[in-house]
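Okay, structure first, notes after.
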Amino acid sequence: MAESSPTSRKARKARGLNLDHKPPFMSSSISSLTEELQCSICLDVFTDPVSTPCGHNFCKTCLNEHWDNSQTCSCPYCKETFKQRPDLKINTTLQEIVDHYKKKSPEKKPEVLCDICEERKLKALKLCLSCQRSYCETHLEPHLRVAGLKKHKLMDPVSNLKDYICQKHESPLHLFCRDDQIYVCLICSVKDHENHNTVPIEEESEEKKTELMKIQKDLQQMIQDRIKKIQDIKQSAEVRKGFYTELLEMMEEQQKAAEKQEEELIEELEQEITELKMRNTELKQLSHTEDHLHLLQIHSSLCSPRNTRNWSEISIKTHESLETLRRDLTQLKDTIDEKLTLHVSTELKWMQQYAADVTLDPDTAHPDLILSDDRKQPSGLSGPRHSGQVHCGKEPRKIFTSVSLTEDVQLNKAKKVWKPSGKHSSCADEGKSELLKTQELFKCVWSVLNQLTPQMFQPLMKQMTELTINTEERLKGVIHLIYEKAISEPDSSEACANMCRCLMGLKVPATEKPGVTVNFRKLLLKHKKEFEKEKDDEMFEKQKELDAATGEEEKQRLKEDLEDAKEKACRRSLGIIKFTGELFKVKMLTEPIMHDCIVKLLKRHNEESLECLCCLLSTIWKHLDHEKAKPRMDQYLNQMKKIIKERKTSSRIRFMLQGVLDLRQAKPGV
């Protein structure tokens with residue numbers, strides 16, 4: 001066979017077909033059909049498909065944008081150049097195929113790409129909740145090979161990752177609080193849900209699945225019951241239809257017999273009427289005749305009686321027919337009632353075979369409950385609350401029971417025993433999952449922090465060093481708990497800073513980079529930045545909600561919420577500043593960082609920043625005010641004196657600034 005010409009190949013392209021493969025509308029594979037209907041520019045199914053003179057198909061918008069951004073007008077697929085820009089018209093045939101495909105094809109889920117790929121993003125195969133990243137097949141390999149990464153929780157990639165992460169602590173939602181019916185992370189379970197019944201999400205999910213299976217079973221039973229009910233209704237309808245059909249047939253036979261009889265009687269009557277009319281005519285003619293002899297000759301024949309029926313003896317008894325019909329219908333009704341009674345009786349006997357003789361136990365009955373003499377049913381209520389409501393016709397009967405002190409008392413075993421699945425012993429056995437071990441670790445850390453005082457520092461610090469903090473997730477959680485304790489209770493910030501100093505050398509394997517370690521100090525500084533950014537974002541969101549509000553009540557409510565948030569943020573800011581100063585005192589932070597904080601606080605010139613400045617300087621003044629830093633410290637003091645002199649701030653802030661100045665002047669040798 002001769003080789004196909006370029007023109008024929010272009011024609012095939014124009015029709016959106018490929019003769020080397022099955023046509024898209026005959027292909028059994030949706031993926032191959034999708035490839036045939038894809039635009040080579042946007043790599044998506046055609047939208048308003050158009051054809052170029054060279055025979056290739058593109059989306060109309062994609063092709064126009066390509067030509068608008070190009071100096072020459074050429075085909076994006078085969079690079080054939082056109083002298084004039086073609087007038088693009090929608091390919092209606094291809095458009096119909098695309099519309100049909102979109103209706104029949106299932107809805108496509110958004111594709112999640114690998115977060116590690118740099119140049120060409122590949123499709124993600126799994127999502128790691130611990131790393132909070134999606135990985136393609138190549139970059140997923142360390143999670144399947146490295147022992148530390150094998151413990152991470154992998155799941156199918158999703159586009160809405162934030163729904164699986166605690167927005168407060170940036171930690172995966174591993175647990176479910178049954179008391180509050182919400183998802184929580186490990187840190188939430190230690191702080192906000194400390195005494196709540198928390199279980200792993202997998203365990204709660206299995207219970208919900210069991211409930212759903214029970215509901216599904218009940219639904220299936222309901223379906224079967226309704227199908228059986230339909231069959232019963234149809235059977236009843238068939239029986240009723242049979243009765244009515246039999247009745248109608250009987251009535252129809254009687255009706256036909258009556259009609260036949262009536263027709264015969266009418267025919268006979270009409271015949272007699274005809275004969276009588278003829279005789280009447282003859283008599284009328286003879287009454288006027290003059291032939292007397294003829295009249296006398298036929299007179300005897302005319303006067304002789306005719307052979308006719310006596311119709312007075314025949315009567316139509318309509319009321320008797322109605323009575324017969326009524327009697328038949330009554331008989332039919334009695335028959336139906338008899339059959340229904342028999343059916344109900346049969347069902348009642350079937351139900352009675354499951355009846356059980358129940359005797360109520362007075363020992364387990366409510367004290368205010370009065371049982372009948374045969375103990376088969378309650379007969380009333382006793383006690384002052386029900387004295388005016390009992391109408392049993394006799395005095396309330398008291399029930400006395402005695403318990404033997406020598407005989408063993410047999411206890412009934414409950415079928416559903418409550419088990420504290422959310423509580424776990426501190427002595428974890430080998431079979432406990434990593435998740436529960438991490439949760440137990442956070443509980444121990446929070447318990448230590450709640451007992452932390454300068455006097456108890458040494459024994460509590462010994463407990464901290466004995467804890468197994470061997471993953472980046474656990475180390476981040478410990479840092480978050482220490483940070484929360486320090487800023488929520490500023491008086492404990494010095495002890496928390498000393499604890500951070502003791503843990504500064506702690507190193508754990510990095511989650512995202514196998515073979516690399518991260519230390520405590522690095523994660524602490526990173527957490528500090530993220531925490532401050534989170535506070536600013538929260539204030540921004542609340543201000544944005546207030547600006548977008550329309551109703552007066554809503555504005556007032558959001559305004560109050562914003563004020564509460566600002567007050568809370570101010571207290572936390574003071575805690576952060578206090579803790580930052582204590583970290584500097586134990587040499588966890590460097591001196592340039594402190595100078596940078598002071599400069600930023602002085603530049604803002606608002607009361608919150610100036611109050612934080614006074615708190616910071618009061619904490620670190622004697623460690624920062626040395627000979628080398630004296631010029632910078634003098635510059636800070638001059639700016640503070642200027643603020644006091646301008647009197648643009650409240651008297652409280654001015655007194656705090658003056659207190660810092662007095663602190664510097666009270667220093668020996670100044």
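The values are calculated or read from the model by the stated rules, or taken from the named source; none is laboratory data. Because the structure is predicted, anything quoted here is derived from the model rather than measured. Reconstructed Cβ throughout: ideal geometry from the backbone, glycine too, with neighbour counts over all protein chains shown. Just so you know, the surface numbers come from the protein's heavy atoms only, side chains and all, with ligands and any DNA or RNA stripped out. Shrake-Rupley method; radii C 1.70, N 1.55, O 1.52, S 1.80 Å.
Checked across the stretch 597-610, the condition of being assigned to a loop (DSSP other than H, G, I, E, B) and at pLDDT 80 or above holds for at least one residue.
Of all residues in the stretch 151-182, those being of a type in the set (G, A, S) and surrounded by 15 or more Cβ atoms within 10 Å (Cβ to Cβ) number 1. Here Y354 passes the criteria (1) under 30 Å from D232 (Cα atoms); (2) loosely packed, with under 10 Cβ neighbours inside 10 Å; (3) modelled with pLDDT of 70 or more except the one numbered (3). Contact map, the stretch 266-288: residues that are closer than 15 Å to W311 by Cβ paired with residues that are modelled with pLDDT under 85 and open to solvent by 100 Å² or more (accessible area, probe 1.4 Å), Cβ distance under 8 Å, separation 6+ or inter-chain. Pairs shown: E268/R309; E272/R309; E275/R306. Of all residues in the stretch 40-83, those that are assigned to a loop (DSSP other than H, G, I, E, B) and β-branched (V, I, T) total 4. Take the stretch 612-638 and flag every residue that is part of a helix (DSSP H, G or I) and open to solvent by 30 Å² or more (accessible area, probe 1.4 Å). Result: C615, S618, K622, H623, K630, P631, R632, D634, Q635, N638. Candidates in the stretch 186-202 are the residues that are under 18 Å from H174 (Cβ atoms) and out of contact with any strand residue (DSSP E or B) (no Cβ under 8 Å at 6 or more places or on another chain); of these, the one that is surrounded by the most Cβ atoms within 10 Å (Cβ to Cβ) is V190.
Tell me, yes or no, whether the stretch 33-53 has at least one residue that is farther than 22 Å from Y101 by Cα and modelled with pLDDT of 85 or more. Looking for residues that are farther than 22 Å from Y101 by Cα and modelled with pLDDT of 85 or more, one finds at least one in the stretch 33-53, hence yes.
When each of K485, K443 is tested for being surrounded by fewer than 20 Cβ atoms within 10 Å (Cβ to Cβ) and either in a helix (DSSP H, G or I) or at pLDDT 85 or above (or both), the lone residue that passes is K443. Note on the stretch 114-145: residues that are within 15 Å of K513 (Cα to Cα), open to solvent by 40 Å² or more (accessible area, probe 1.4 Å) and in a loop (DSSP other than H, G, I, E, B) amount to 5.
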